[in-house]
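All of the numbers you see were taken from the coordinates with simple rules; none came from a lab. Just so we're clear, the structure is a prediction, and the values are computed from it rather than from any experiment.
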Amino acid sequence: MTDPTPQQMHLINHSDLQAFVEAILLGNGTPPANAAIVAQCLVAADLRGVDTHGSNRIPSYMERIRQNALDARAQPTLRQVTPVAAQVDGRNGFGFVAAHTAMDAAIRMAREFGMGMVSVKHSNHFGMSAWVVRQALDAGMMSLVFTNSSPALPVWGGREKLMGVSPIACGAPSGDPRRPFILDMAPSVAARGKIYKALRRGEKIPEDWALDQDGARTDDPARALEGVMLPMGGPKGSALSIMMDVFSGGVLRGGVCGACDESPDLFMSMEEFQGRMDYLYKRVVESEKMAGVDRIYFPGEIEMITEEQRREKGIPFAASEIASLNQEADRVGIAHLKVQSSN
């Protein structure tokens, strides 16, 4: 049974964390440019409060390198299929690098033809989907990002691991870069990474997140990982997980993730599009509130606020998480992670 005793939390400066993660990656054979991409993406997740897809993933990634399950030195290759479609071969390297290459290509095609689509094959986990969406937003473009993942979710009415907890993400720019539309969600009640996070921190989970191996609801993350995740919205979540496999898995052909990018100025001017987005933002956040609600947030806004706070105050890590990261530092002979403060 998981120890429910909360661990002391420590705050880490985001710049120190990024340099630390990058050094570990370099020490494990990752080329400098690729190490910078991976470290930046992981810390971006930490800053947005998506701790399940942040720097705590480093020990598992490094273990995959040691087991020769991931090639840290691999460089993805791009094959142009049509003027608006391409495919990236990740060559079993970091998914972050393959996804970055794919979105770069999609952006390039969208600038010339109004839209671009790229699929990725032979790749690995690429962290928080929102960072790929952010890459398109920085170029002033809308985007859709799909990926499939290893089985962890039953189809509706079943209890065996059959579908992946595969996220869908999308984004659209607005006139104010501080409040773009960003949606990044999994078809399960909770992301599987949240269960791993609870296990690391000795915490229980809500009983509606997962079933144990006997098909019973559980609040123990260890037992939950032996069982299956539960889909959100019953059959709707199950159907979304199947859709992810259709669009980004073997059904469509090719790979671990697919990225589709569409330029917002294909059908109207950028200025008109941004104005419409700003209007939508105001309509959403200024709409009438239900009882007990103080504020309505636009998709992605809470994460933006969290990022502002964490840039200023630091990113929280449990003592056990810091110890795990420092073990990787010892393996490559670099200094331990610097703690900013504790609470």
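Remarks
- Pairs of Lys in the chain closer than 19 Å at Cα, counting only those 8 or more apart or on different chains: 4
- Both radii come from the Cα set of region 92-158: Rg as radius of gyration, Rh as Kirkwood radius; their ratio Rg/Rh reads 1.06.
- For region 134-229, the spread of Cα coordinates along the three principal axes comes to 50, 28, 17 Å, biggest extent given first.
- For the chain, calculated [θ]222 nm from helices alone, where every DSSP H run of n ≥ 4 adds -39500 (n - 2.57): -13000 deg cm²/dmol
- Of the DSSP H helices in the chain, those whose Cα atoms cover at least 15 Å axially and whose Kyte score averages 0.0 or more: 14-27, 32-47, 95-113, 235-248
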